[in-house]
Amino acid sequence: MNIGGIFCSCRGEIDKNFNLEDIREYLEKQDDVKFTKVYHASCSINDQEDMFKEINENKIDALLFIGCSPKYYEKLFQDIFLKKTSINPGLIKFVNFREQLRWAHRDQEEKKIVEKAKFVLKAALEDIKNAKPIHTEKIPNLKSALVIGGGISGIHASLALANQGHHVYLIEKSPYLGGVQLQMSKTFPRDECSACAITPIINTLFRTPNIDIFTLSEVIRVRGRTGNYVVTIKQNPRFVKEICTNCHECINVCKNNVPDEYNFNFLERKVITLPRFDTFPKLPFISINDISYCRDECKAKLCTKVCDAKAIDLDEEPKEIEINAGGIIISIGYDIYQSTEYGYGKSKDILTLEEYERILVSTGVFNGDILRPSNRKPPKNIAFILCVGARQPNKIPYCSRYCCMATASAIKQTVEKLPDAKIYVFYRDIYALGKVGDEYIKETQNFPNVEWIRTVPEHFGLKSKEIEDELDVLTLKINVSGGKLDI
């Protein structure tokens with residue numbers, strides 16, 4: 001290996017308190033070092049031309065470049081050396097003498113600076129001797145992308161890619177697009193109708209020609225490499241074809257009810273269902289978990305008889321689809337920590353905030369009226385507990401930075417609908433999203449019937465030092481973590 005050493009004095013800045021020429025002579029005496037030289041300004045064209053000439057004439061194949069911080073010119077010099085010489089970028093080592101030697105020890109005596117300089121050069125020399133060349137290749141990049149997750153993030157990502165000319169494959173595991181936002185009542189901090197905000201965006205998505213949408217789908221296999229992935233998608237059947245006219249007669253005649261998971265099982269739904277009028281796609285569906293009833297137990301099969309379009313196919317089977325994508329975006333939302341704290345699961349009136357949102361929304365459990373799930377009466381005392389399952393080593397150790405804002409939004413809506421209700425908010429700390437978020441939360445703290453209490457309630461009855469009260473509804477904002485993707 002022929003190693004070269006190029007020293008740059010940075011126009012005299014580096015060698016103000018030590019002799020750079022002495023350091024050059026030290027390096028030149030080391031094994032495998034064939035050429036060294038000090039330049040006044042290696043970033044100048046004249047010095048660079050001489051550098052390239054010396055490197056090529058001495059047949060240098062590895063280089064120590066001693067000068068300023070590599071953050072300034074590392075990429076530039078790597079590109080230039082690659083074009084003007086035969087040195088591989090992986091065999092160029094940048095040694096920072098200006099910031100880490102000259103400036104760091106400007107008040108030190110020359111002897112100590114020289115000792116450190118030699119030590120740094122010796123380490124850099126060993127590094128370059130063990131370095132490996134960087135091999136580059138051009139990889140064809142398909143002008144297509146896969147977006148996993150059909151919530152608001154995945155929808156925005158799909159539209160952004162499509163607008164740049166990419167063909168987009170958007171897959172969503174549930175029957176409909178929209179994700180959590182469609183289940184919420186309002187968005188924060190603007191307090192917009194959640195469905196009203198997302199519906200026009202989904203409409204645009206469906207009208208964009210270079211976006212293919214797959215619902216009831218999941219990725220089961222990914223092969224290939226960056227720029228050229230082969231992705232296998234499993235698409236579960238909807239059992240309702242796209243020729244459906246949305247007359248809803250199939251839903252009207254269905255005789256079997258099952259728990260409605262879209263409304264967190266507060267209500268029941270028909271086996272064939274359409275959870276809301278503004279879903280996308282606008283097609284009823286039968287869950288693959290319920291199809292055995294339709295095939296084997298339901299003798300009448302009235303849904304197929306009343307469907308004039310012949311859109312219902314109870315024998316439809318899952319299918320695998322293979323696509324090619326140049327890139328993959330994962331936007332699979334969040335998972336809620338599974339908690340049994342504060343009596344969750346023991347009473348119908350102890351809810352998660354997501355369940356409480358389905359009570360707030362006008363198309364939800366009680367058509368927008370806030371009622372106790374246990375007796376269908378308006379609550380007088382409501383409590384919210386933040387950070388459930390969060391910021392604890394044996395649970396979720398971090399803050400999701402979403403819960404405080406989401407709870408404040410629910411409080412505002414509760415005050416609007418139940419102005420006389422007493423509301424308690426138990427929290428550890430408040431994490432607002434910027435100045436706007438801080439003002440949003442402060443607004444709820446100024447409501448006369450809302451009391452924010454910084455504490456950790458001792459048990460489900462909320463018998464703390466600050467308050468002891470009989471609650472009608474307890475809402476838990478359980479911490480969330482990034483969704484998991486099993487492939």
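The values are calculated or read from the model by the stated rules, or taken from the named source; none is laboratory data. On a predicted model such as this, the values are computed, not experimentally measured, just so you know. Backbone-built Cβ (ideal geometry, glycine too); neighbour counts: all protein chains shown.
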Kindly indicate whether any position in the stretch 60-71 is under 19 Å from ILE128 (Cα atoms), modelled with pLDDT of 90 or more and in a helix (DSSP H, G or I).
-> no
Considering every residue within the stretch 334-355, establish whether at least one is hydroxyl-bearing (Ser, Thr, Tyr), outside the structural domain of MET184 (by TED's automatic domain parsing) and modelled with pLDDT of 95 or more.
-> no
Does any residue in the stretch 117-141 that is at negative phi come within less than 6 Å, Cβ to Cβ, of a residue that is modelled with pLDDT of 95 or more and assigned to a loop (DSSP other than H, G, I, E, B) six or more places away or on a different chain, and which pairs are these?
-> ASN141/GLY326
Of the conditions (1) at pLDDT below 85; (2) within 26 Å of ARG190 (Cα to Cα); (3) not in a strand (DSSP E or B), LYS412 clears all except one; give me its number.
-> (1)
Going through the stretch 81-113 in order, the residues found to be touching a helix residue (DSSP H, G or I) at 6+ places or on another chain (Cβ under 7 Å) and surrounded by fewer than 17 Cβ atoms within 10 Å (Cβ to Cβ) are LEU82, LYS84, PRO89, HIS105
The stretch 25-59, subset part of a helix (DSSP H, G or I) and polar (S, T, N, Q), residue surrounded by the fewest Cβ atoms within 10 Å (Cβ to Cβ) | ASN46
Regarding ALA325, is this residue buried (at least 19 other Cβ atoms within 10 Å of the Cβ), assigned by TED's automatic domain parsing to the domain that holds GLN183 and in contact (Cβ under 8 Å) with a residue 24 or more places away in the chain?
-> yes
Go through the residues of the stretch 142-157 one by one and say whether even a single one is touching a Phe, Trp or Tyr at 6+ places or on another chain (Cβ under 6 Å) and under 30 Å from SER217 (Cβ atoms).
-> yes
Would you please name the residue that is nearest to LEU485 (Cα to Cα), looking only at residues in the stretch 133-162 that are touching a helix residue (DSSP H, G or I) at 6+ places or on another chain (Cβ under 6 Å) and not in a helix (DSSP H, G or I)?
-> VAL147
Does the stretch 347-366 hold any residues that are of a type in the set (D, E, K, R) and out of contact with any Phe, Trp or Tyr (no Cβ under 8 Å at 6 or more places or on another chain), and which are they?
-> LYS348, ASP349, GLU357
Of the residues that sit in the stretch 192-214 and are under 23 Å from GLY364 (Cα atoms) and of a type in the set (Ser, Thr, Tyr), which one is surrounded by the most Cβ atoms within 10 Å (Cβ to Cβ)?
-> SER194
Kindly indicate whether any position in the stretch 243-252 is of a type in the set (S, T, N, Q), free of Cβ contacts under 8 Å to residues at least 40 places away in the same chain and either within 21 Å of PHE206 (Cα to Cα) or touching an Asp or Glu at 6+ places or on another chain (Cβ under 9 Å) (or both).
-> yes
